[in-house]
Amino acid sequence: MSTRRQEWVDSLRDHLAEWMSRANRLQVEEDKDSIADDPDSKVDIQRLALLRHKIDLMLSAHDKEHMEISKALEDATNAAIAGDADNYFSALTFIRDKARSITKYAWEQAKDDIG
């Protein structure tokens, strides 16, 4: 079981890191009106949606922390696209902190399985 748990942690971490990278790129876009016309921005928005859905499917609907990170991903995505830096960076910090908590707990569980 510990191998699967570690794979889950690694996959969640990878998806979140890519989501953060793409969201950051949209957030720093200077001309928010040009996002709709920019092919790269469109690809980033589509990829953000895909990553959000992948992450959501990895999370438990019965775990409060998991649902909090899911909601924060939605909020941060919307804020990044809208150019709302304050809400974006607030949600991003929350996501990073929750992700660390979730992955640490899963890692502790994996260590317990081993030993």
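Would a scan of segment 22-34 turn up a residue that is surrounded by fewer than 17 Cβ atoms within 10 Å (Cβ to Cβ) and either touching a residue at least 40 places away in the same chain (Cβ under 8 Å) or in contact with a Phe, Trp or Tyr (Cβ under 6 Å, 6 or more places away or on another chain) (or both)?
Within segment 22-34, one or more residues are surrounded by fewer than 17 Cβ atoms within 10 Å (Cβ to Cβ) and either touching a residue at least 40 places away in the same chain (Cβ under 8 Å) or in contact with a Phe, Trp or Tyr (Cβ under 6 Å, 6 or more places away or on another chain) (or both).
Restricting the search to segment 72-104, which residues are over 11 Å from Ala23 (Cβ atoms), in contact (Cβ under 8 Å) with a residue 24 or more places away in the chain and assigned to a helix (DSSP H, G or I)?
Ala72, Ala82, Ala85, Phe94, Arg96, Lys98, Ala99, Ser101, Ile102, Thr103
On the given criteria, is Arg13 farther than 14 Å from Tyr88 by Cβ and either modelled with pLDDT under 90 or in a helix (DSSP H, G or I) (or both)?
So Arg13 passes the test.
Scan segment 51-70 residue by residue and report those that are closer than 21 Å to Arg25 by Cα and either in contact (Cβ under 8 Å) with a residue 40 or more places away in the chain or surrounded by fewer than 14 Cβ atoms within 10 Å (Cβ to Cβ) (or both).
Within segment 51-70, His53, Ile55 qualify.
For segment 72-91, how many residues are under 18 Å from Asp38 (Cα atoms) and of a type in the set (Ser, Thr, Tyr)?
Going through segment 72-91 one residue at a time, the tally reaches 1.
Would you pick out the residues in segment 33-90 that are of a type in the set (Gly, Ala, Ser), within 13 Å of the chain's Cα centre (by Cα) and modelled with pLDDT of 90 or more?
Once the filter is applied, which keeps residues that are of a type in the set (Gly, Ala, Ser), within 13 Å of the chain's Cα centre (by Cα) and modelled with pLDDT of 90 or more, segment 33-90 yields Ala49, Ser70, Ala72, Ala76.
The values are calculated or read from the model by the stated rules, or taken from the named source; none is laboratory data. For clarity, every value in this text was computed on a predicted model and none was experimentally measured. Methodologically, a virtual Cβ is constructed for each residue, glycine included, from the backbone with ideal geometry; neighbour enumeration extends over all protein chains shown.
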